[in-house]
1. Determine whether the range 116-126 contains at least one residue that is surrounded by 15 or more Cβ atoms within 10 Å (Cβ to Cβ), more than 13 Å from residue 151 (Cα to Cα) and in contact with a strand residue (DSSP E or B) (Cβ under 7 Å, 6 or more places away or on another chain).
2. Looking at the range 51-71 only, could you name the residues that are closer than 16 Å to residue 169 by Cα and part of a loop (DSSP other than H, G, I, E, B)?
3. Which of (1) part of a helix (DSSP H, G or I); (2) touching a residue at least 40 places away in the same chain (Cβ under 8 Å); (3) farther than 25 Å from residue 46 by Cα does residue 118 not meet, given it meets every other one?
4. Does any residue of the range 65-78 turn out to be over 13 Å from residue 164 (Cα atoms), surrounded by 10 or more Cβ atoms within 10 Å (Cβ to Cβ), at pLDDT 95 or above and in contact with a strand residue (DSSP E or B) (Cβ under 9 Å, 6 or more places away or on another chain)?
5. Consider residue 150 carefully, then state whether it is out of contact with any helix residue (DSSP H, G or I) (no Cβ under 7 Å at 6 or more places or on another chain), modelled with pLDDT of 95 or more, surrounded by fewer than 23 Cβ atoms within 10 Å (Cβ to Cβ) and under 22 Å from residue 47 (Cα atoms).
6. Can you tell me which residues in the range 127-138 are surrounded by 14 or more Cβ atoms within 10 Å (Cβ to Cβ) and part of a loop (DSSP other than H, G, I, E, B)?
7. Would the range 83-91 turn up any residue that is surrounded by 23 or more Cβ atoms within 10 Å (Cβ to Cβ), at pLDDT 95 or above and in contact with a helix residue (DSSP H, G or I) (Cβ under 8 Å, 6 or more places away or on another chain)?
8. Within the range 140-157, can one find any residue that is over 20 Å from the mean Cα position of the chain (by Cα), without any contact (Cβ under 8 Å) to a residue 24 or more places away in the chain and within 19 Å of residue 90 (Cβ to Cβ)?
């Protein structure tokens, strides 16, 4: 067996040491990545959210109420952030009702108020209607827990916003049972 030169032995040793160091660094980095950094409690805010089961229960109750009133509507439920949890288009509901229901739900949760009340605010602040994603017509109802909004229910398709809103309120009422 041929003896390696000093230069070859030094280069080989350096390469082995570098490989071991890289492997150790990679293993330490990988284990650190497995544990996300913890934020201090003062930097964290917890909020309540409606479950999908609760959203479905509310939408079903609203559609049942619409059926009792012989109305063809769409019901939308959005979360606290205005993101759609679900939208259910009832049999025979018009194509415009889908988007209108979602916008009414978004508007109700955004202001934590029924959209029929918000319509009245337009008299003193007419530019409210220009906020993207909102619809200031009766038919939206907020869902609250512990005093704060957690969801919005929007209904569209009945001949008046008052009827839409009564149907939305039936969805809210189902959540308190």
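1. no
2. Within the range 51-71, 69, 71 meet the criteria.
3. With (1) part of a helix (DSSP H, G or I); (2) touching a residue at least 40 places away in the same chain (Cβ under 8 Å); (3) farther than 25 Å from residue 46 by Cα applied to residue 118, the lone miss is (2).
4. The answer is yes, given that some residue of the range 65-78 is over 13 Å from residue 164 (Cα atoms), surrounded by 10 or more Cβ atoms within 10 Å (Cβ to Cβ), at pLDDT 95 or above and in contact with a strand residue (DSSP E or B) (Cβ under 9 Å, 6 or more places away or on another chain).
5. Considered against the rule, which asks whether it is out of contact with any helix residue (DSSP H, G or I) (no Cβ under 7 Å at 6 or more places or on another chain), modelled with pLDDT of 95 or more, surrounded by fewer than 23 Cβ atoms within 10 Å (Cβ to Cβ) and under 22 Å from residue 47 (Cα atoms), residue 150 comes out as yes.
6. Correct list: 134, 135, 136, 137, 138.
7. First, the residues of the range 83-91 that are surrounded by 23 or more Cβ atoms within 10 Å (Cβ to Cβ): none.
Among the residues of the range 83-91, not one is surrounded by 23 or more Cβ atoms within 10 Å (Cβ to Cβ), at pLDDT 95 or above and in contact with a helix residue (DSSP H, G or I) (Cβ under 8 Å, 6 or more places away or on another chain), which makes the answer no.
8. No, the conditions are met nowhere in the range 140-157.
The values are calculated or read from the model by the stated rules, or taken from the named source; none is laboratory data. Being a predicted model, the structure only gives us computed values, none of them experimental. Virtual Cβ from ideal backbone geometry, glycine too; neighbours counted across all protein chains shown.
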